[in-house]
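Trainee: Right, I'll just put the structure down here and ask away after.
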Amino acid sequence: MAESAARIGKHPIHPMLVVFPIGLWVTALVFDIVEMATGNPLWRTLAFWNIVGGIVGALLAAVPGFLDYPGTKGREGRIATWHMILNLAAVVLFAVNAFLRLRVSADSPWPLLLSQLSWLRFRIQAKGQITNHCPGSSNMPSLVS
């Protein structure tokens, strides 16, 4: 396994940063569900800003990920390529979600549906256990099933 080009000491930076967009986007989905259940528009606003924060966090996490990318070969390289494609697709999907939230009425189902679709994308990626193959990471079993 290649050593990470972007690291602090022996610790790769990319895995440190990816938790922020994932957490923000999952929380946005929870806020969407709470807004749907309560009708309180505050939750929709919170979901929007979590999505925006997740987009910024994902783009920041992509920088050290991209610095690590050239060192990957073979199976690890193929996994890294799919990881990059799926995560860039997630950023686009969430950008569309944020844009739609500014354009559609408050009772539109589209923001919630896009959040659910994005969650499904994370589940598919987690099934591939991509996180076990990041440069410098341990080969511990995936905690996501």
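Trainee: Can you say whether Gly54 is at pLDDT 95 or above and touching a helix residue (DSSP H, G or I) at 6+ places or on another chain (Cβ under 7 Å), as far as the supplied structure shows? Lay out the reasoning, then the answer.
Mentor: On the way: at pLDDT 95 or above: yes; touching a helix residue (DSSP H, G or I) at 6+ places or on another chain (Cβ under 7 Å): yes.
For Gly54, the condition - at pLDDT 95 or above and touching a helix residue (DSSP H, G or I) at 6+ places or on another chain (Cβ under 7 Å) - is met.
Trainee: May I ask you to say which residue of Ser115, Ser108 is among the hydroxyl-bearing types (Ser, Thr, Tyr) and in contact with an Asp or Glu (Cβ under 7 Å, 6 or more places away or on another chain)? Walk me through it before giving the result.
Mentor: Details: Ser108 fails: in contact with an Asp or Glu (Cβ under 7 Å, 6 or more places away or on another chain).
Of Ser115, Ser108, the one residue that is among the hydroxyl-bearing types (Ser, Thr, Tyr) and in contact with an Asp or Glu (Cβ under 7 Å, 6 or more places away or on another chain) is Ser115.
Trainee: Answer yes or no as to whether Thr38 is without any contact (Cβ under 8 Å) to a residue 12 or more places away in the chain and more than 14 Å from Leu88 (Cα to Cα).
Mentor: yes
Trainee: Within segment 80-94, identify whether any single residue is farther than 19 Å from Leu117 by Cα and modelled with pLDDT under 95, and answer yes or no.
Mentor: Filtering segment 80-94 for residues farther than 19 Å from Leu117 by Cα gives 80-81.
Within this subset, residues satisfying the condition of being modelled with pLDDT under 95 are 80-81.
Yes, there is a match, as at least one residue in segment 80-94 is farther than 19 Å from Leu117 by Cα and modelled with pLDDT under 95.
Trainee: Counting just the residues of segment 97-142 that are hydrophobic (A, V, I, L, M, F, W, C) and within 14 Å of the chain's Cα centre (by Cα), which one comes out modelled with the highest pLDDT? If you could, list the steps in order and put the result at the bottom.
Mentor: Keep residues of segment 97-142 that are hydrophobic (A, V, I, L, M, F, W, C), which gives 98-100, 102, 104, 106, 110, 112-114, 117, 119-120, 122, 124, 126, 130, 134, 140.
After this cut, where a residue has to be within 14 Å of the chain's Cα centre (by Cα) as well, the list is 114, 117, 119-120, 122, 124, 126, 130.
Values: Leu114: 83, Leu117: 80, Trp119: 75, Leu120: 76, Phe122: 69, Ile124: 70, Ala126: 65, Ile130: 48.
Filtering first and then ranking leaves Leu114.
Trainee: Could you list, in sequence order, all residues of segment 2-45 that are more than 26 Å from Glu76 (Cα to Cα) and outside any helix (DSSP H, G or I)? Step through it out loud before you land on a result.
Mentor: Narrowing segment 2-45 to residues more than 26 Å from Glu76 (Cα to Cα): 24-45.
Listed by number, the residues that qualify are Gly39, Asn40.
Trainee: Now a separate question. Which of the residues that make up segment 33-51 are surrounded by 17 or more Cβ atoms within 10 Å (Cβ to Cβ) and either of a type in the set (A, V, I, L, M, F, W, C) or over 19 Å from Asn97 (Cβ atoms) (or both)? Can you show your working first?
Mentor: First, the residues of segment 33-51 that are surrounded by 17 or more Cβ atoms within 10 Å (Cβ to Cβ): 35, 43-44, 46-48, 50-51.
Once the filter is applied, which keeps residues that are surrounded by 17 or more Cβ atoms within 10 Å (Cβ to Cβ) and either of a type in the set (A, V, I, L, M, F, W, C) or over 19 Å from Asn97 (Cβ atoms) (or both), segment 33-51 yields Trp43, Leu46, Ala47, Phe48, Ile51.
Trainee: Sort through Val63, Val30, Val18 and tell me the only one that's under 17 Å from the mean Cα position of the chain (by Cα) and exposed (fewer than 14 other Cβ atoms within 10 Å of the Cβ). Lay out the reasoning, then the answer.
Mentor: Working: Val30 fails: exposed (fewer than 14 other Cβ atoms within 10 Å of the Cβ); Val18 fails: exposed (fewer than 14 other Cβ atoms within 10 Å of the Cβ).
After ruling out the rest, the residue left standing is Val63.
The values are calculated or read from the model by the stated rules, or taken from the named source; none is laboratory data. Model, not experiment: these values are computed from the prediction. Methodologically, a virtual Cβ is constructed for each residue, glycine included, from the backbone with ideal geometry; neighbour enumeration extends over all protein chains shown.
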